[in-house]
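Throughout, read-outs are computed from the coordinates displayed, never taken from laboratory work. Because the structure is a prediction, the values reported are computed rather than measured. Cβ placement follows ideal geometry from the backbone for every residue including glycine, while neighbour counts extend to all protein chains displayed.
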Amino acid sequence: MNKLKFDKNLVKKLISSAIIGLTNGFFGGGGGMICVPLLENIYKIDNKKSHATTLAIIFPLSLVSSAIYITENSIDFLHLLYISLGVTIGGVIGAFLLKKLNNKVVRIIFAVVMFVAGLKMVI
Amino acid sequence: MEILLMIVCGLAGGLLGGMGMGGGTLLIPLLTIFLGINQKLSQGYNLLSFLIMSLIAIFIHYKNNLIDKKVVLPVVIPALIFSIFGALLANFISNSSLRLLFGIFLMILSIFQFIKVFKSK
């Protein structure tokens, strides 16, 4: 309990955690992109561990928020199966490629695609 | 054909997710734009489809001692409250409003990605 009072970063940590949760629940994703920098900059965890720990954090959040989405929408579980299949295979390949591709190039391409997609959704 | 498209969209999302770049943010627009699935459903599919892969990845990372266990609960507990709130709110508003907000969110995220690249270059 005493440790809590001396943690100057407590407010930052709480606000960031709240934003991560809000993003996860409201947008159905994207929490990880906020969580990794949080862990690196405020908790001072190294990059590799930040990514791994982020997965552990996001998992329960997604579990709970997805339950809400299921109750509020009619999820087609067959469709979900196909999408999950793609995601799992893609994830394995992605983890493999992580070490082989130029991260910066991929990130730029990703950023452009994201921007265009976002624009399309707004217009 | 739709089945193939779903798998491919999943592949694209999973690929980026596997590279640690937030694959979900790509999967959702792919589902809405190319498959015409509504915003709320797409977000739901995104949340659910990554669960199994995440579990496997978490297990592997855990065995490799890459998870900093002591920060997990301090972040999850406050985050969970807002996650529930966010999910309820998202399903309360209309699909078109959610889509619009998501689009803005994506554009903001992409700008942060650009900044990240140019900061490290």
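Shape summary: region A:34-106 maps onto an equivalent ellipsoid whose semi-axes, from the alpha-carbon gyration tensor, are 28, 20, 9 Å in decreasing order. Its residues counted as N, region B:49-92 yields a C-alpha radius of gyration over 2.2 N^0.38 Å of 1.46.
With equal scatterers on the alpha carbons only and no solvent term, can you work out the Debye log10 of I(q)/I(0) for the protein assembly as shown at 0.07, 0.13, 0.15 1/Å? With no solvent term, the Cα-only Debye profile gives -0.21, -0.74, -1.00.
Here the Gaussian network model covers chain B, with springs between Cα atoms less than 10 Å apart; of B:G14, B:G44, B:G23, B:G44 fluctuates the most. Averaging 1/r over every pair of different alpha carbons in chain A and inverting the result gives a Kirkwood radius of 17.0 Å. Between helix A:103-122 and chain A there is an angle of about 70 degrees, using the helix long axis and the longest principal axis of the Cα atoms.
Taking every Cα-Cα distance in chain B and sorting them into 5 Å bins from zero, the calculated P(r) comes out as 2, 9, 15, 19, 20, 19, 11, 5, 1, 0 percent. For the residues A:K104, A:K12, A:K49, a GNM of chain A with alpha-carbon springs under 10 Å puts the largest fluctuation on A:K104. By other beta-carbon atoms within 10 Å, ranking A:F27, A:F59, B:F59 with the fewest at the front produces B:F59, A:F59, A:F27. In order along region B:102-113, the phi-based Karplus estimate (6.51 cos²θ - 1.76 cosθ + 1.60, θ = phi - 60°) of 3J(HN,Hα) comes to 5, x, 5, 4, 4, 5, 5, 4, 5, 5, 5, 5 Hz; Gly and Pro are listed as x.
Computed over the alpha-carbon pairs of region B:53-121, the distance histogram in 10 Å steps reads 16, 22, 39, 22, 1 percent, short to long. Going from the residue with the fewest nearby Cβ atoms within 10 Å to the one with the most, B:F85, B:F50, A:F77 rank A:F77, B:F85, B:F50.
Per DSSP H run of at least 4 residues, take -39500 (n - 2.57); add these up for chain A, divide by its residues and hand me the 222 nm value, nearest 500 deg cm²/dmol. Please list the in-between numbers first.
Details: 6 runs with 101 residues, N = 123.
The per-residue figure over chain A is -27500 deg cm²/dmol.
What angle do you read, to the nearest 10 degrees and between 0 and 90, between the alpha-carbon axis of helix A:10-27 and the longest principal axis of chain A? Helix A:10-27 and the main axis of chain A meet at about 20 degrees. Fewest neighbouring Cβ atoms within 10 Å first, the residues B:I81, B:I58 line up as B:I81, B:I58.
What net charge is computed for the residues neighbouring B:V76, neighbours being all others with C-beta under 15 Å from the C-beta of B:V76, Lys and Arg scored +1, Asp and Glu -1? Please report the intermediate quantities before stating the final value.
Working: positive: A:K13, B:K69, B:K70; negative: B:D68.
That sum, taken over residues with Cβ under 15 Å, equals +2.
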